[in-house]
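In what follows, a single structure is set out as structure tokens and then discussed.
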Amino acid sequence: MNNETKRVFRRRPELTSSQIIFFGFLGVILIGTLLLMLPIATRDRQGASLFTVTSATCVTGLVVKDTVTYWSLFGQVILMLLLQIGGMGIVTASLAVFLFSGKRISLRQRSTMQESISAAQVGGIVRLTGFILKTSLLLELVGAAFLTPVFVRDFGLARGIWYGLFHSVSAFCNGGFDLMGHLEPYSSLCWYVANPVVNVIVIGGLGFSVWDDLRKNRFRFRFCTMQTKTVLTVTGILIFLPALYFFFFELAEMPLPQRFWGSLFQSVTMRTAGFNTVDYAQISEGGLLVMIFLMLIGGSPGSTAGGMKTTTFAVLAATAFAVFRRKDATQMFHRRVPSAVIRNAVAILFLYLTVFVTGGIIISRLEGLPLISCLFETASAIGTVGVSLGITRELGTVSRLILVLMMFCGRVGGLTVVFATISPRAGSELHYPQENLIVG
């Protein structure tokens, strides 16, 4: 056997970018589970929960144990680190180590980073990584600085400082984990419904590339890319209209300050953070459906939020309006949307709706719970939101495993999971004869 033949024989197939992201998240979940299995991780030394570790790594926020009463300080620190890694992304965290160590970033690593944060191009990806790291740490420290005085007033100096840092990281990374169990178990931020400082800490859902584009163009909207314009426009609509609905219909019985901040907070947190400042048991079924809709849309590409993404919703809506107006091309902000983007948007919608509905039906049948409650839970899981109607703790092992898989799929990305497991590499495509098909 000559040397060339030996090299071919020994050559291993390289992992695709989708597979690197997929297995990266799996690895972090495994390491996190092992760390939280240590006796010092819990107050009663009972061990770890795969569900909680997945929820933290996938920045969801669904829990089966109250965070502050069940986990020790060591366990809470591990959860915060998992939130940080999951929020920034596995690839971003890995490249941060390379950058700080002074190692050269290969073209393959740059390509993986591009897919991980949904960047427009490989060029400038290292600079963008640095921007992500600096911006994340800066905003988290600023958030902690604003939150700490509030919590010091309520919990004392040491606990107030820790609470400020933990909730700032959890909010920026859209994690939804809170330490308010000492006030009332599983109460989230309901005690701060009228506090403006606590209500404005959720800013991680726009996407790092959007922040970078705004910075480069000095916040001048007309010079920004179509991506940035779409994200800002859709985000504004999805904050304003649901807030009006909550204000006039769902929270109408609240005093005005609580009503205003509660309405604004719910319209934001449903697509990103997973905190709640009102009791969802008082929300009507119509309100729950609005919340489910917001959770499925989620945040924006390259952000710390999950869901189908605001741009997917925008492309689908623009395509529908193009059909209504008998236009051949989908257009947004005087630009045509490529057909490949439209196909991806349709595939993402089909995937998320199928998984969300199927999971809700299965859990409803297994647990004997109302379908609307189970759909709310599955939308929260696949959208990596983390809000709940209180049924998470009552679910059996199979139902929790379903939610674990949905949280993982929601954070890694539906298409990324499919590309990493079912169709890892693009192959040759046969072109069959075309034939018309009547729809609608």
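Structure summary
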quantity	calculated
Residue satisfying all of: in the stretch 170-187; surrounded by fewer than 24 Cβ atoms within 10 Å (Cβ to Cβ) and of a type outside the set (Gly, Ala, Ser); nearest to MET270 (Cα to Cα) among these	TYR186
Which numbered condition GLY160 misses (of (1) within 16 Å of THR60 (Cα to Cα); (2) touching an Asp or Glu at 6+ places or on another chain (Cβ under 8 Å))	(1)
Candidates THR67, THR54 - the one that is modelled with pLDDT of 85 or more, open to solvent by less than 30 Å² (accessible area, probe 1.4 Å) and within 15 Å of the chain's Cα centre (by Cα)	THR54
Among the residues listed as LEU401, LEU369, the single one being at pLDDT 90 or above and over 24 Å from the mean Cα position of the chain (by Cα)	LEU369
Boolean, ARG336 is charged (D, E, K, R), more than 30 Å from ASP66 (Cβ to Cβ) and at pLDDT 90 or above	yes
Residue count for the stretch 15-32, restricted to those that are modelled with pLDDT of 85 or more, surrounded by fewer than 18 Cβ atoms within 10 Å (Cβ to Cβ) and more than 13 Å from GLY89 (Cα to Cα)	2
Exclusive hit being open to solvent by 60 Å² or more (accessible area, probe 1.4 Å), at pLDDT 95 or above and under 21 Å from MET291 (Cβ atoms), set THR378, THR358	THR358
Members of the stretch 191-200 found to be crowded, with 18+ Cβ neighbours inside 10 Å and either touching a Lys or Arg at 6+ places or on another chain (Cβ under 7 Å) or outside any loop (DSSP other than H, G, I, E, B) (or both), listed by number	TYR192, VAL198, ASN199
Residues of the stretch 33-51 classified as in contact (Cβ under 8 Å) with a residue 40 or more places away in the chain and open to solvent by less than 30 Å² (accessible area, probe 1.4 Å), total	2
GLY236 vs. criteria under 23 Å from the mean Cα position of the chain (by Cα), touching a residue at least 40 places away in the same chain (Cβ under 8 Å), surrounded by fewer than 23 Cβ atoms within 10 Å (Cβ to Cβ) and closer than 26 Å to SER170 by Cα	no
When residues of the stretch 129-178 are limited to those that are within 27 Å of ASP213 (Cβ to Cβ) and polar (S, T, N, Q), the one nearest to the chain's Cα centre (by Cα)	ASN174
The stretch 333-356 residues that are in contact (Cβ under 8 Å) with a residue 40 or more places away in the chain, paired with ones that are among the polar types (S, T, N, Q) (beta carbon under 6 Å, 6 or more apart)	ILE348/THR312; PHE356/THR378
Helices (runs of 4 or more DSSP H) within the stretch 201-300 that include 2 or more residues small (Gly, Ala, Ser) and touching a Phe, Trp or Tyr at 6+ places or on another chain (Cβ under 7 Å)	256-269
Condition met for THR311 (under 15 Å from ALA345 (Cα atoms) and open to solvent by less than 30 Å² (accessible area, probe 1.4 Å))	yes
The stretch 70-86, residues that are crowded, with 24+ Cβ neighbours inside 10 Å and aromatic (Phe, Trp, Tyr)	TRP71
Qualifying residue in the stretch 399-420 (condition: buried (at least 17 other Cβ atoms within 10 Å of the Cβ), among the polar types (S, T, N, Q) and not in a helix (DSSP H, G or I))	no
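The values are calculated or read from the model by the stated rules, or taken from the named source; none is laboratory data. Note that the structure is a prediction, hence the values are computed from the model and not measured. For neighbour counting, all protein chains shown are included, and Cβ atoms are generated from backbone atoms with ideal geometry for every residue, glycine included. The accessibility values were calculated without ligands, DNA or RNA, using every heavy atom of the protein model including side chains. Shrake-Rupley method; radii C 1.70, N 1.55, O 1.52, S 1.80 Å.
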